[in-house]
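These notes are about the structure you will find just below.
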Amino acid sequence: MHPQDITAEAITRQLRTVFSPSRLEVLDESAAHAGHVGANGTGYGTHFRVRIAAAGLTGATRVAQHRLVYDSLRQFLDAGLHALAIEVLPEPSTPPTV
């Protein structure tokens, strides 16, 4: 993987493959971090925010949830993704069956 391959779309595909989330939002916030450590000067591909709700994260501690997300995105981190803000959302409630 190359730094130019780090996109919100690629991260979304990876997280969908690993977690089959009920809700997922991936935002590239790199432009807001221009000049900061880890910024690559292009305004994209280094700083992301992930909002995710997935059954595979339910019941785990916050640290464990974040570790699972980080582990699933290792190839992106190794290629230059510098910062990842993770918000794990609760799974939507399902109505009881009658």
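Residues in region 48-98 that are part of a loop (DSSP other than H, G, I, E, B) and either within 11 Å of the chain's Cα centre (by Cα) or of a type in the set (Ser, Thr, Tyr) (or both): Thr58, Thr61, Leu73, Leu81, Ser93, Thr94, Thr97. When restricted to residues that are at pLDDT below 90 and in contact with a helix residue (DSSP H, G or I) (Cβ under 8 Å, 6 or more places away or on another chain), region 29-59 contains 8. Mind checking which pairs have a first residue in region 72-87 that is within 17 Å of Phe19 (Cα to Cα) and in contact (Cβ under 8 Å) with a residue 40 or more places away in the chain and a second that is small (Gly, Ala, Ser) and in a helix (DSSP H, G or I), Cβ under 8 Å, 6 or more apart or different chains? Correct list of pairs: Phe76/Ala10. Just one of the listed residues (Ser20, Ser93) is hydroxyl-bearing (Ser, Thr, Tyr) and either modelled with pLDDT of 90 or more or at positive phi (or both), and it is Ser20.
For region 60-67, the count of residues that are of a type in the set (Val, Ile, Thr), under 17 Å from Glu25 (Cβ atoms) and either surrounded by fewer than 19 Cβ atoms within 10 Å (Cβ to Cβ) or modelled with pLDDT under 95 (or both) is zero. Which condition number in (1) closer than 30 Å to Ser93 by Cβ; (2) at pLDDT 95 or above; (3) not in a loop (DSSP other than H, G, I, E, B) is the one that Ala10 fails? Checking Ala10 against (1) closer than 30 Å to Ser93 by Cβ; (2) at pLDDT 95 or above; (3) not in a loop (DSSP other than H, G, I, E, B), the one that fails is (1).
The values are calculated or read from the model by the stated rules, or taken from the named source; none is laboratory data. Please read all numbers here as calculations on a predicted model, not as lab measurements. Don't worry about glycine lacking a Cβ; one is built from the backbone with ideal geometry, like all the others, and counts go over all protein chains shown.
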